[in-house]
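Student: Provided herewith is a single structure, encoded as structure tokens, for subsequent inquiry.
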Amino acid sequence: MTLGTTERAAELNARDRRALLRQMILIRTFEEAILREYHADKKPGFDIGAGKIPGEMHLSAGQEPVAAGVCAHLGPGDAVTATHRPHHLAIAHGMKLRPLAAEIFGRETGLGRGRGGHMHLFDPETHFSCSGIIAEGLPPALGQAFAFRHAGADNIAVAVTGEGAANAGAFHESLNLAALWKLPVVVVVEDNDWGISVARQSSTAVPSNAVRGAAYGIPGVRVEGNDVEAVHAAAGEAVARARAGGGPSLIEVHTLRLWGHFEGDAQGYRPDLADVPGRDPIPVYEKKLLAAGVLTESDLAALRTEASELVEDAVAFAIASPAPSPDEALKYVFADQTEGARS
Amino acid sequence: MSTVAENARQALPVEPDAGNRRLNTAKAIQEAIGSQMERDESVFVIGEDVGAYGGIFSSTTGLLERFGPKRVLDTPISESAFIGLGIGAAVEGMRPIVELMFVDFFGVCMDQIYNHMAKIHFESGGNVRVPMVLMTATGGGYSDGSQHSQSLWGTFAHLPGMKVVVPSNPYDAKGLMTAAIQSDDPVVYMFHKGVMGLAWMKKNPRSIAAVPAGDYVVPIGKAKVAREGTDVSIVTLSLSVHHSLDVAEKLAGEGISVEVLDLRSLVPLDRDAIVATAAKTGRVVVVDEDYQSFGLSGEIAATIAEHDPGLLKSFSRVCVPDVPIPYARELEYAVLPTPVRIEAAVRKAVGA
């Protein structure tokens, strides 16, 4: 089944729609700030390990509709597992921006005290986690769902992954096991057309990963158009089904990677590059809400100002925070503070 | 996700007297799991054939009947999915025991083990714990071929973030399993098929021994001197402890006094105990059913050398000499650390 952009948006009221836009603007503002800080001290020659933010950086600009549309249905007691490109989902699921930013900057005040980095974010408050290994975030999400059900809670786990992951074994093992045990899980595939430089049609034998739900007897839908309201509608059904004990669902969202796979990726392999800015989902949604009269220009300016204040506060917090002490490089291998196998 | 997961550690006796109730190692493991499941609702068991079959090597016999299908679950042959499920449940404060039927199968699911189970606590800066037990069968000696006979504990111990325990006997098996379930860290619990005391596999009499009926722990990371001696030290673990004790008994009749150190854990490794026995006898023979190079036996040599390069008069290894485990009995027993090989190494060490 494929959902278009218009069929399912009926029930969203003006407040919901403004909240979706607010979330997307907050995410984009955050990613733009990280982009700015990431490159600020990597000039003139780009050195991936240099600067305040070292290492690979996978930013989520363009994929905000997935995060905003899905996470609108979740509370902090629900789990989300994400990928190497996790910021949009972390923010939409309610992660505090300060410890998120501080972790990206590798600071002691970060979520993982600088041990994890931007691909390894773990937030007990929002049950958020991510993995840098393609498709491998799915299995732990099953376990979180298992634990919620065991505790008698109606919380669910949402496992988000990319379209490239749908060809990995862990994806299929997880769908089968989730379906078999009817776990309260929603699997969301972000199809941004590109597995680094390999186009989806060059990696995937089916035109839509949503059809793979049929292999496991679970509902599968594909949402076209990178439309936050269509995502919201599809996710609403799947989340409700999972909460009610109806088992897992699979949703694929055809989204957009607005920037490179990682920062420093010149994207020479990408024939659609010239069209990309025009497909940016945020201006599209802003125009839609302005035209519908649920948002004024001054509302929009206020949303942007608020987002900017929140993000700059978080970035300033991160920059002002201490780096972890090299004396503590061996800490946290074990809960009992045994220093690894060296003890 | 439980930031401050309730520390489930009970104040249990540490290595109490064994008493005279005798069990095989498999029953000792079942007893530890059953007892912890009684007292802690968050403990559950998953894996292939852990339910009605009771575990291919009888590690979970009777648990399904006692605790029902919500707490003892057969899984599909999807090791990545069900080990990952254990990780996620542990992250949320449960205490899963996940069986990987043969350790040799780690190849299909190692990402969940070493990139997730073992790293989440570290990556989270200590904020998220993964209190799970990954239980798995190791070892050869019954012609199961190269994909079902490996030991591989050195591989797990090499990668940071997992405790690795390798019991050799029923008493330690129960106490180490209890400690593993109560640990707030992931523990890889590796039992050798040959120490389980199974009716359908050749066994050393040491695989059936006295086990206390009540709960107790054997601390993870503490080696045990299984036999005192003064002339030469065998540093070993798992089934090789049985063979080493047999050799020590035999050589005692010739006046050769052999000390046998059962490591019991690889991570943490009881380096003090290794150095102590090396200092005592000055002659060390490492007996390890894992592959020889780049592993535990070299680590033991390094441990002693880093402590005091002059400590040893002799050092040698009886390991699997870096070949896949062969099928034919004649070939398999040519590469396993058999009593014959151990005895030869000990005699050479003492110049006898």
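Student: In percent, how large is the relative contact order of chain B, given Cα pairs closer than 8 Å and 6 or more residues apart?
Tutor: 17 percent
Student: Please list, short to long, the whole-number percent of alpha-carbon pairs of chain A in consecutive 10 angstrom bins beginning at zero.
Tutor: 6, 25, 34, 25, 9, 1, 0
Student: When the dipole is taken about the Cα centre of segment B:224-350, and only Lys, Arg (+1) and Asp, Glu (-1) are charged at their Cβ, what size is it in debye, to the nearest 20?
Tutor: 240 debye
Student: Next up: Where both partners of a DSSP beta bridge lie in the protein assembly as shown, what percent of those bridges are antiparallel, to the nearest 5?
Tutor: Once the DSSP bridges in the protein assembly as shown are tallied, antiparallel ones form about 15 percent.
Student: Right, here's the next one. As a test of understanding, state the convex hull volume per residue of segment A:53-115 from its alpha carbons, in Å³. Mind dumping the intermediate values first?
Tutor: Values: hull volume 5.4 nm³, N = 63.
In segment A:53-115, the Cα convex hull volume per residue is 86 Å³.
Student: Please count, across segment B:22-210, the pairs of lysine residues with Cα atoms under 30 Å apart that sit 8 or more places apart or on different chains.
Tutor: 22
Student: Then there is this: What average count of beta carbons from other chains do you get within 10 Å of the Cβ of residues in B:103-111?
Tutor: Across the residues of B:103-111, the mean count of other-chain Cβ atoms within 10 Å is 2.
Student: If you don't mind, there's one more thing I want to ask. How large is the convex hull of the C-alpha atoms of the protein assembly as shown per residue, in Å³?
Tutor: Looking at the protein assembly as shown, the number lands at 165 Å³ per residue.
Student: So for segment B:22-210: antiparallel DSSP bridges make up what percent, rounded to the nearest 5?
Tutor: On the way: 3 of 25 bridges.
Taking every DSSP beta bridge within segment B:22-210, about 10 percent pair in antiparallel fashion.
Student: What does the structure give for A:324-331 when I average, per residue, the other chain Cβ atoms found within 10 Å of the residue Cβ?
Tutor: Numbers: counts 1, 0, 0, 0, 1, 0, 2, 3.
The shielding value for this peptide is 1.
Student: Using the basic label-point model (7 angstrom from Cα toward the beta carbon), what is the B:Ala18 to A:Ala50 distance in nanometres?
Tutor: 6.5 nm
Student: Round to the nearest 10 and report in Å² the accessible area of A:Leu310, as given by a 1.4 Å probe over the protein chains' heavy atoms.
Tutor: 70 Å²
Student: Name the residues of segment A:131-153 whose accessible area falls by at least 30 Å² when all protein chains are present instead of the chain alone, probe 1.4 Å?
Tutor: Those are A:Ile133, A:Glu136, A:Pro139, A:Pro140, A:Gly143, A:Gln144, A:Phe146, A:Ala147, A:His150, which lose 30 Å² or more relative to the chain on its own.
Student: Let me check I've understood the local charge: for B:Cys109, count other residues with C-beta under 11 angstrom from its C-beta, Lys and Arg +1, Asp and Glu -1. What total comes out?
Tutor: Residues near B:Cys109 contribute -4 overall.
Student: Follow-up. Treat each spin label as a single point 7 Å out from the Cα along the C-beta direction, and report the A:Asp275 to B:Arg39 distance in nm.
Tutor: 6.5 nm
Student: Tell me what chain B gives for mean residue ellipticity at 222 nm when only DSSP H runs of n ≥ 4 count, each as -39,500 (n - 2.57), the sum divided by the residue total, rounded to 500 deg cm²/dmol.
Tutor: Details: 11 runs with 112 residues, N = 352.
Rounded to the nearest 500, the figure is -9500 deg cm²/dmol.
Student: Select from segment A:110-129 all residues whose loss of accessible area on going from the chain by itself to the full protein assembly reaches 50 Å² or more (probe 1.4 Å).
Tutor: A:Arg115, A:Phe122, A:Pro124
Student: Give the percent of DSSP beta bridges with both residues in segment B:224-350 that are antiparallel, rounded to the nearest 5.
Tutor: Details: 3 of 18 bridges.
DSSP beta bridges in segment B:224-350 are roughly 15 percent antiparallel.
Student: Using a basic spin-label model with each label point 7 Å from the Cα along Cα→Cβ, how many nm lie between B:Ala302 and A:Glu312?
Tutor: Each label point is offset 7 Å from its Cα along the Cβ direction, giving 5.1 nm.
Student: Across segment B:224-350, how large is the tail of the calculated P(r) beyond 26 Å, expressed as a percent of all Cα pairs?
Tutor: Summing the P(r) of segment B:224-350 above 26 Å gives 15 percent of all pairs.
Student: How much net charge surrounds A:Asp41 when only the other residues with a Cβ under 12 Å from the Cβ of A:Asp41 are counted, with Lys and Arg +1 and Asp and Glu -1?
Tutor: +2
Student: Taking only protein heavy atoms into account and a 1.4 Å probe, give the accessible area per residue of the protein assembly as shown in Å².
Tutor: Working: 24950 Å² over 695 residues.
Accessible area per residue, the protein assembly as shown: 36 Å².
Student: I would also like to ask the following. Rounded to the nearest 100 Å², what's the accessible area chains B and A bury against each other, both chains counted, probe 1.4 Å?
Tutor: 3700 Å²
Student: Report the calculated FRET efficiency for A:Ala240 and A:Ala292 (r = Cβ-Cβ distance, R0 = 30 Å), to the nearest 0.05.
Tutor: It comes out at approximately 0.75.
Student: Moving on. Out of the total accessible area of the protein assembly as shown (probe 1.4 Å, heavy atoms of protein only), what percent is carbon and sulfur? Show your work: numbers first, answer last.
Tutor: Numbers: 13750 of 24950 Å².
So the carbon and sulfur contribution to the accessible surface is 55 percent.
Student: Relative to the Cα centre, what is the charge dipole magnitude of the protein assembly as shown, using +1 at the beta carbon of each Lys and Arg, -1 at the beta carbon of each Asp and Glu, and rounding to the nearest 20 debye? Provide the component values of the computation, followed by the final result.
Tutor: Values: 62 positive and 84 negative charges, 229 e Å.
The dipole of the protein assembly as shown has a size of about 1100 debye.
Student: Let me ask something else. Highest first, please rank the peptides B:220-226, A:130-136 by the mean number of other Cβ atoms sitting within 10 Å of their residues.
Tutor: Packing proxy ranking, top to bottom: A:130-136, B:220-226.
Student: Follow-up question, since we're still on this one. Taking every pair of Cα atoms in segment A:173-276, average 1/r, invert it to obtain the Kirkwood radius, and report Rg/Rh to two decimals.
Tutor: 1.04
Student: I'd like to know which of B:Phe294, B:Leu269, B:Val241 lies farthest towards the positive end of the charge dipole of segment B:224-350, counting +1 on Cβ of Lys and Arg and -1 on Cβ of Asp and Glu.
Tutor: About the Cα centre, the residue reaching furthest to the positive side is B:Val241.
Student: Below 12 angstrom from the Cβ of B:Asn169, what's the summed charge of the other residues (Lys, Arg +1; Asp, Glu -1)?
Tutor: Within the 12 Å Cβ shell, the charges total +4.
Student: With r defined as the distance between the Cβ atoms of A:Ile319 and A:Ser202 and R0 fixed at 45 Å, what FRET efficiency is calculated, to the nearest 0.05? Walk me through the intermediate numbers first.
Tutor: On the way: r = 41 Å, r/R0 = 0.91.
The calculated FRET efficiency here is 0.65.
Student: Per residue of B:70-83, how many C-beta atoms from partner chains lie within 10 Å of its own C-beta, taken as a mean?
Tutor: 5
Student: Which residues belonging to segment A:158-196 lose at least 30 Å² of 1.4 Å-probe accessible area when the assembly is complete, relative to their chain isolated?
Tutor: Residues meeting the cut-off: A:Glu173, A:Leu177, A:Trp181.
The values are calculated or read from the model by the stated rules, or taken from the named source; none is laboratory data. Here the structure is a predicted model, which means the values were calculated and not measured. With ideal geometry, Cβ positions are generated from the backbone for all residues, glycine too; neighbour counts draw on all protein chains shown. Ligands, DNA and RNA are excluded from the accessible area calculation, which covers all protein heavy atoms including side chains. Shrake-Rupley method; radii C 1.70, N 1.55, O 1.52, S 1.80 Å.
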